[in-house]
Amino acid sequence: MEMIIDKEGVRELARLRYQADKYRLAGNGFMSQQINARIRRIQERMKF
C-alpha cells in the first residue's frame with residue numbers, strides 16, 4: 001500500500017511542479033505560490 005501512495009505522490013508532485021512553472025512563466029505569482037505550498041505539504045507527508 002505504501003508503494004502505491006508514493007507513486008501517486010510522485011506523479012502529483014510532478015504535475016504540480018509543471019503547473020507552478022507555467023503560472024510563474026505567465027506572471028501569475030499568486031497561483032505559483034499556492035501550488036508551491038501544496039508541493040511542500042505533499043513533500044512533508046511523503047517525508048522527502
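The values are calculated or read from the model by the stated rules, or taken from the named source; none is laboratory data. Everything numeric in this text was worked out from a predicted model, so none of it was measured. Counting neighbours? That spans all protein chains shown, and the Cβs are built from the backbone with ideal geometry, glycine included. SASA here: full protein model, heavy atoms, side chains in, ligands and nucleic acids out. Shrake-Rupley method; radii C 1.70, N 1.55, O 1.52, S 1.80 Å.
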| remark: With the 1.4 Å probe rolled over protein heavy atoms, the chain has an accessible area per residue in Å² of 85 Å²
| note | Placing each pseudo-label 7 Å from Cα in the direction of the beta carbon, Met46 and Leu25 end up separated by a distance in nanometres of 2.2 nm
| query | Counting each DSSP H run of 4 or more residues in the chain as -39500 (n - 2.57), what helix-only mean residue ellipticity at 222 nm follows after dividing by all residues, to the nearest 500 deg cm²/dmol? | reply | -31000 deg cm²/dmol
| query | Round to a whole number: what % of the accessible area of the chain belongs to carbon and sulfur, probe 1.4 Å? | reply | 53 percent
